[in-house]
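Laboratory data are not the source of any read-out in this text; all were calculated from the coordinates shown. Keep in mind it's a predicted model, so treat the numbers as computed, not measured. Cβ atoms come from the backbone with ideal geometry, glycine included; neighbour counts cover every protein chain shown.
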Amino acid sequence: MKLQTQNLLTLDELTKHELLQLIELGIKLKRYSKDGKNFYELKNKTMAMIFQKPSTRTRVSFELSMLQLGGHAINLSHRDLQLSLGESIEDTAKTLSIYVDVIMARVYEHKQIELLANNSSVPVINGLSNTFHPCQILADFMTIKEHKDDLNNIKIAWIGDCTNVCNSLIYGCSKLGINMSISSPQGYEPNPDVIHESRKHISIEIDDNPSHMIDKADVVMTDTFVSIHDIKNQDKRIQKFLPKFRINSSLMKKANKNAIFLHCLPAKRGYEVTDSVINGTQSVVWHEVENRLHMQKALLLSLFDI
């Protein structure tokens, strides 16, 4: 399957068919991996990985994806590049395009990934920006598909800070026709443009009462609301979010009995989620982590039409 888009920046670039095909390919690749089957379709392909921000799951899953598919990944921190000395993103994109076959970047500002994509002649993947995290949501949908089988007629509840993960989730749900409920404090709602576009296709309820929004949910999701990169606002955020938006066992009981819990990680346990939930029987967090690897492979193969 060849994606119509050259770049994956938000998740809105994908059609419903492409999104479903990527999920199925990820599941197939996972099964092949468990069976010990190896594929080397990306032999002689090289990925440049640019990291302005620290990374565990994104870096390891992409690097291993290239390795296990026969390719190679070059890890480049911001300090490794002339970007740190003032070279423009435009010139960096044009330079890397000469050497590599695909670029993955994890950046602070989304406009930086857009500049990178607009000036690159090879595919560019958003490994995370302040506004979107499409690769995480691809893995999340794969995880939901594995545990719910049918993506039709399910409800997803997002509780807490409406982060970059939430924005990409909304785009993904709008493609798949999945209705959402979102509960966050006032001032911490999703990107208004994302909501406006997505409400043309699905129902999105937004309320600051978590108990109402999680009611009858099949999937419950959250993200950290106290970032290590935003120390100066930590006290303000704790006052806004705690204890009301913490997902604990009592709140999870308001979702459907067979509801599953997802968290993109890293988690600040005791803040957005308690140990009893993230370690509990409804948590599929570690399946979610594993699926990052298989979905990165599916994405790379589809960008290269292999």
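Figures for the structure shown
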read-out: Trypsin sites (Lys or Arg not before Pro) within segment 25-82, DSSP loop, no more than 12 other Cβ atoms inside 10 Å; value: K37, K43
read-out: Dipole magnitude (debye, nearest 20) for segment 137-288, charges at Cβ of Lys, Arg, Asp, Glu; value: 300
read-out: Cβ-derived FRET efficiency at R0 22 Å, N233 paired with S84, nearest 0.05; value: 0.30
read-out: Potential extension, K34-S250 segment - 0.36 nm per residue separation minus Cα distance; value: 74.1 nm
read-out: Label-point separation, K216 to L265 (7 Å along Cα→Cβ), nm; value: 3.4
read-out: In Hz, Karplus ³J(HN,Hα) per residue of segment 187-202 (6.51, -1.76, 1.60; θ = phi - 60°; x = Gly, Pro); value: x, 10, 6, x, 4, x, 5, 5, 4, 4, 5, 6, 5, 6, 10, 9
read-out: GluC sites (Glu not before Pro) within segment 91-186, DSSP loop, no more than 13 other Cβ atoms inside 10 Å; value: E109
read-out: Computed lengthening from L242 to D193, 0.36 nm per intervening residue step minus Cα-Cα distance; value: 14.9 nm
read-out: Principal axis dimensions, the chain - Cα atoms, whole angstrom, descending; value: 53, 46, 36
read-out: Distant-in-sequence amide H partners of I182 (H built 1.01 Å from N, under 5 Å); value: W158, E205, I206, D207
read-out: Taking L303, L67, L29 and counting other C-beta atoms within 10 Å, the order from fewest to most; value: L67, L303, L29
read-out: HN-Hα J in Hz across segment 120-128 - Karplus 6.51, -1.76, 1.60, θ = phi - 60°, x for Gly and Pro; value: 9, 9, 10, x, 10, 10, 7, x, 2
read-out: For segment 214-306, alpha-carbon Rg and Dmax in angstrom; value: 15.9, 50
read-out: Label-point separation, K200 to D149 (7 Å along Cα→Cβ), nm; value: 3.5
read-out: Distance between modelled label sites at N179 and S121, nm, 7 Å Cα→Cβ extension; value: 5.0
read-out: Residue among S250, Q6, I170 farthest towards the positive dipole end of the chain, charges placed on Cβ; value: S250
read-out: Crossing angle, helix 134-148 versus the chain [Cα axis fit, 0-90 degrees, rounded to tens]; value: 60
read-out: 3J(HN,Hα) from dihedral phi, segment 288-296, Karplus parametrisation 6.51/-1.76/1.60, rounded to Hz, x for glycine, proline; value: 4, 4, 4, 6, 4, 4, 6, 6, 5
read-out: Neighbour cut-off at most 13 other Cβ (10 Å), DSSP loop, chymotrypsin sites (Phe, Trp or Tyr not before Pro), segment 1-102; value: Y40
read-out: Measure of compaction for segment 52-183 (Cα Rg per 2.2 N^0.38 Å); value: 1.19
read-out: nm² value of the averaged projected area, convex hull over the Cα atoms of segment 137-288; value: 8.1
read-out: Dipole moment magnitude, nearest 20 debye, the chain about Cα centre, only Lys, Arg, Asp, Glu C-beta charged; value: 700
